[in-house]
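A.B. asks: Have a look at the structure that comes next, please.
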Amino acid sequence: MGDTITETLAVEVWRGRDEGQFETFEVPHRESQTVLDVVTWIQRNAEPALAYRFACRVGMCGSCAMTVNGRPRWTCRTHVSEVLDGGRLRIEPLANLPRIKDLVCDLTPFFEKWQTARGRFEPSATRHDPMVPVSTESPERRAADAGIECINCAVCYAACDVVRWNPDYVGPAALNRAWTLVNDERDGDRNGVLQAVSQAGGCHSCHTHASCLEHCPVGLNPTAGIAGLKRLTALAAFGGGD
Amino acid sequence: MLEARLYLLQRATALLLAPLVVVHLVVILLAVRGGLSAAEILARTQGSTVWAAFYGVFVIAVALHAPIGLRNLLGEWLGWRDGSRDLAVLVFGLALLGLGLRAVWGVTT
Ligand code: SF4
Ligand code: SF4
Ligand code: FES
């Protein structure tokens, strides 16, 4: 509200890689326009060489995240009217990731850290074994379910100060995934997850300042999962697990 | 599990230090009354096993708590994360322990 709807928007878009500058485009302002709509309009009508990423346009794939007026956001589900700052719109690539071109980042470190945190399922049975029923009511399954809808958008990773300070820190998304696996009774090596997140740069580096929770577009709470990991790893360390 | 143990140790010592610091400060404020000389302080503390134990625990908790926090600070603010950092904070912790226990010994014996 408050912002007067003008005919066109002046949109500043980052051009270049680490070295570069903002370029301003005049974009027609429409009702119900998303930030991704704006970027797409620029690419189709003003600057065909503009590099950016998206796929689903409906908040499923997690590929469209950018920094919008200073905050990391999923651009396909962010309405321009929600984020206009005195009529101003400034779009940059996500923070805390290597830049490739314009609005595109290299997400390799983000996904490598999922592996470092053992954020992948280790089966405990094969397809030839009978299905083991999993109660949807158990506290563990509920904890896993609460974190399972991550779309890998890296918004939380870009919002986390500790990632910025410590390049070894695996970050909220990887730890959120690790937390879901620790609570997944079908996982064959849950202790291995606890070991992995107890390394330097693991869950104990988190400052619990909840920036990830504040920014996660699908409303997940990595902070809570990380606190859970701290609790479980502390218990394991107390019990002499090595 | 080094990180997990350090994390736990830092929390546990913080838990211990919270009441100790409060008692330390309150006693300073109350014991001063109308001014206090070094001789008067020593007269109260010398031979007191209670104060020796109190400040002995205090010093040990500080010598564990402070180096762990310093280690995190050095890692995040200065990017110093290799083994030399651990050595440096270990020396720092031992120095705190040595100086602290020496002071406790000095005023209670
Ligand atoms: S709570 Fe932890 S993971 Fe989340 S933003 Fe803060 S430091 Fe990063
Ligand atoms: S936890 Fe949320 S913000 Fe982080 S990657 Fe998953 S969906 Fe995105
Ligand atoms: S384009 Fe798929 S989440 Fe935005």
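A.B. asks: Looking only at the stretch A:95-113, which residues are within 23 Å of A:Asp168 (Cα to Cα) and not in a strand (DSSP E or B)?
C.D. replies: Result: A:Ala95, A:Asn96, A:Leu97, A:Pro98, A:Asp106, A:Leu107, A:Thr108, A:Pro109, A:Phe110, A:Phe111, A:Glu112, A:Lys113.
Every residue, every condition in (1) among the hydroxyl-bearing types (Ser, Thr, Tyr); (2) touching a strand residue (DSSP E or B) at 6+ places or on another chain (Cβ under 7 Å); (3) on the phi < 0 side of the Ramachandran plot, yes or no:
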{"residue": "B:Val32", "(1), (2), (3)": "no, no, yes"}
{"residue": "B:Ala38", "(1), (2), (3)": "no, no, yes"}
{"residue": "B:Ile41", "(1), (2), (3)": "no, no, yes"}
{"residue": "B:Gly47", "(1), (2), (3)": "no, no, no"}
{"residue": "B:Tyr55", "(1), (2), (3)": "yes, no, yes"}
{"residue": "B:Val59", "(1), (2), (3)": "no, no, yes"}
{"residue": "B:Gly69", "(1), (2), (3)": "no, no, yes"}
{"residue": "B:Leu73", "(1), (2), (3)": "no, no, yes"}
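A.B. asks: Picking from A:Ala200, A:Ala210, which residue would you name as being within 16 Å of ligand 2 (Cβ to nearest atom), free of Cβ contacts under 8 Å to residues at least 40 places away in the same chain and open to solvent by 10 Å² or more (accessible area, probe 1.4 Å)?
C.D. replies: A:Ala210
A.B. asks: Sticking with this structure for a sec: Only one of these is within 14 Å of another protein chain (Cβ to nearest Cβ) and among the small types (Gly, Ala, Ser): B:Ala31, B:Ala12, B:Ala38, B:Ala66. Name it.
C.D. replies: After applying the criteria, what remains is B:Ala12.
A.B. asks: Among the candidates B:Leu29, B:Leu9, B:Leu20, B:Leu74, which residue alone is part of a helix (DSSP H, G or I), free of Cβ contacts under 8 Å to residues at least 60 places away in the same chain, loosely packed, with under 12 Cβ neighbours inside 10 Å and of a type outside the set (Ser, Thr, Tyr)?
C.D. replies: Matching residue, one of B:Leu29, B:Leu9, B:Leu20, B:Leu74: B:Leu29.
A.B. asks: Shifting gears a bit: In the stretch A:74-97, what count of residues is obtained for those that are of a type in the set (D, E, K, R) and over 19 Å from A:Ala10 (Cβ atoms)?
C.D. replies: So the answer is 1.
A.B. asks: What are the residues in the stretch A:70-94 that are under 25 Å from A:Tyr169 (Cα atoms) and either within 16 Å of ligand 3 (Cβ to nearest atom) or touching a Pro at 6+ places or on another chain (Cβ under 7 Å) (or both), if any? Quick ask: steps written out before the conclusion?
C.D. replies: Taking the stretch A:70-94 as the starting set, the residues that turn out to be under 25 Å from A:Tyr169 (Cα atoms) are A:70-74, A:92-94.
Of everything in the stretch A:70-94, those that are under 25 Å from A:Tyr169 (Cα atoms) and either within 16 Å of ligand 3 (Cβ to nearest atom) or touching a Pro at 6+ places or on another chain (Cβ under 7 Å) (or both) turn out to be A:Arg71, A:Pro72, A:Arg73, A:Trp74, A:Pro93, A:Leu94.
Residue by residue, here is whether (1) more than 14 Å from every other protein chain (Cβ to nearest Cβ); (2) in contact with a Ser or Thr (Cβ under 7 Å, 6 or more places away or on another chain); (3) within 16 Å of ligand 3 (Cβ to nearest atom); (4) more than 27 Å from A:Pro98 (Cα to Cα) holds:
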residue: A:Ala144; (1), (2), (3), (4): yes, yes, no, yes
residue: A:Ala173; (1), (2), (3), (4): yes, no, yes, no
residue: A:Ala178; (1), (2), (3), (4): no, no, no, no
residue: A:Val197; (1), (2), (3), (4): no, yes, no, no
residue: A:Thr208; (1), (2), (3), (4): no, yes, no, no
residue: A:Gly225; (1), (2), (3), (4): yes, no, no, no
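A.B. asks: Here is a further query. Answer yes or no: is there a residue in the stretch B:51-58 that is closer than 30 Å to A:Ala200 by Cβ and either open to solvent by 40 Å² or more (accessible area, probe 1.4 Å) or of a type outside the set (Val, Ile, Thr) (or both).
C.D. replies: The answer is yes, given that some residue of the stretch B:51-58 is closer than 30 Å to A:Ala200 by Cβ and either open to solvent by 40 Å² or more (accessible area, probe 1.4 Å) or of a type outside the set (Val, Ile, Thr) (or both).
A.B. asks: Can you tell me which of A:Arg77, A:Arg99 is over 18 Å from A:Gln21 (Cβ atoms) and modelled with pLDDT of 95 or more?
C.D. replies: Testing whether each residue is over 18 Å from A:Gln21 (Cβ atoms) and modelled with pLDDT of 95 or more leaves just A:Arg77.
A.B. asks: Any residue at all in the stretch A:162-176 that is in a helix (DSSP H, G or I), more than 10 Å from ligand 2 (Cβ to nearest atom), surrounded by fewer than 22 Cβ atoms within 10 Å (Cβ to Cβ) and in contact (Cβ under 8 Å) with a residue 12 or more places away in the chain?
C.D. replies: So far as the stretch A:162-176 goes, yes, one or more of its residues are in a helix (DSSP H, G or I), more than 10 Å from ligand 2 (Cβ to nearest atom), surrounded by fewer than 22 Cβ atoms within 10 Å (Cβ to Cβ) and in contact (Cβ under 8 Å) with a residue 12 or more places away in the chain.
A.B. asks: Scan the stretch A:203-223 for residues that are in a helix (DSSP H, G or I) and either near ligand 1 (Cβ under 9 Å from one of its atoms) or touching a Gly at 6+ places or on another chain (Cβ under 8 Å) (or both) and jot them down.
C.D. replies: A:Cys203, A:Ser205, A:Ser211, A:Cys212, A:Leu213, A:Glu214, A:His215, A:Pro222, A:Thr223
A.B. asks: Between residues in the stretch A:137-156 that are touching a residue at least 60 places away in the same chain (Cβ under 8 Å) and residues that are of a type in the set (Phe, Trp, Tyr), which pairs lie under 7 Å by C-beta distance while being six or more apart or on different chains?
C.D. replies: Pairs that qualify, where the first residue is touching a residue at least 60 places away in the same chain (Cβ under 8 Å) and the partner is of a type in the set (Phe, Trp, Tyr), are A:Gly147/A:Trp179; A:Cys153/A:Trp74; A:Ala154/A:Phe110; A:Val155/A:Trp74.
A.B. asks: Look through the stretch A:52-106, keep the residues that are out of contact with any helix residue (DSSP H, G or I) (no Cβ under 8 Å at 6 or more places or on another chain) and closer than 14 Å to A:His215 by Cα, and return whichever of them is most open to solvent (accessible area, probe 1.4 Å).
C.D. replies: Checked the stretch A:52-106; the qualifying residue most open to solvent (accessible area, probe 1.4 Å) is A:Arg77.
The values are calculated or read from the model by the stated rules, or taken from the named source; none is laboratory data. This structure is a prediction, so every number in the text was calculated from the model and none was measured. Cβ sites come from the backbone with ideal geometry, for glycine too, and all protein chains shown count toward neighbours. Areas reflect the complete protein model, heavy atoms only, side chains present, ligands, DNA and RNA absent. Shrake-Rupley method; radii C 1.70, N 1.55, O 1.52, S 1.80 Å.
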